[in-house]
Amino acid sequence: MNKEEFGRWGEERAASHLEGLGYEVVARNWRSEHGELDLVTRQGDSWVFVEVKARRSDRFGTAEEAITPAKARHLLEAGQAYLAAHDLEGVAWRIDVVTVTVWGGDYSHPAVEVYPNAVSGW
């Protein structure tokens, strides 16, 4: 599985996991001039923009460490762009991060972790 395929696989695992937790997936890979939102979801009355980080190991750092200040800023701007593009100003929203980690090549049992409200600043 190449990098792009692995990324799509991770997003699919994340979406399935979130749906099991009661999130509704509204859109995938929404793009704006500020960057991409991997998943656009709703949980109750809140809009939740989800950044998915898939890793095969932590050799190059953990998935959580991949959310740099610059990435956080792009996610915030992309979230605001989504809300503006869909006339959703004033709604409750947040950014969650979901990590999908495969240990030892075992794709049948990835570790999936959800970090609610992982990016803040508004």
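When only residues in the range 113-122 that are farther than 16 Å from residue 43 by Cβ and touching a strand residue (DSSP E or B) at 6+ places or on another chain (Cβ under 8 Å) count, which is surrounded by the fewest Cβ atoms within 10 Å (Cβ to Cβ)? If you could, list the steps in order and put the result at the bottom.
From the range 113-122, those farther than 16 Å from residue 43 by Cβ are 113, 120-122; that's our starting set.
Okay, now just the ones that are also touching a strand residue (DSSP E or B) at 6+ places or on another chain (Cβ under 8 Å), so 113, 120.
Details: 113: 14, 120: 9.
Among them, the one singled out is 120.
Just one of 92, 78, 66 is modelled with pLDDT under 95 and either of a type in the set (Ser, Thr, Tyr) or touching a strand residue (DSSP E or B) at 6+ places or on another chain (Cβ under 6 Å) (or both); which is it? First the steps, then the outcome.
Details: 92 fails: modelled with pLDDT under 95; 78 fails: modelled with pLDDT under 95.
66 is the lone residue from the list that is modelled with pLDDT under 95 and either of a type in the set (Ser, Thr, Tyr) or touching a strand residue (DSSP E or B) at 6+ places or on another chain (Cβ under 6 Å) (or both).
Tally time: how many residues in the range 110-122 are part of a loop (DSSP other than H, G, I, E, B) and modelled with pLDDT under 90? Give the steps one after another, and end with the answer.
Taking the range 110-122 first, the residues part of a loop (DSSP other than H, G, I, E, B) are 110, 120-122.
Subset that is modelled with pLDDT under 90: 120-122.
Total meeting the criteria: 3.
Tell me which residues, restricted to the range 68-102, are among the β-branched types (Val, Ile, Thr) and either closer than 12 Å to residue 46 by Cα or without any contact (Cβ under 8 Å) to a residue 24 or more places away in the chain (or both).
Of the residues in the range 68-102, the ones among the β-branched types (Val, Ile, Thr) are 68, 91, 95, 97-102.
Correct list: 68, 91, 95.
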- Note on the structure: For strands (runs of 3 or more DSSP E) lying entirely in the range 17-77, having 1 or more residues that are closer than 16 Å to residue 115 by Cα and under 10 Å from the mean Cα position of the chain (by Cα) picks out 35-43, 46-55
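The values are calculated or read from the model by the stated rules, or taken from the named source; none is laboratory data. All values reported here derive from a predicted model rather than from experimental measurement. Cβ sites come from the backbone with ideal geometry, for glycine too, and all protein chains shown count toward neighbours.
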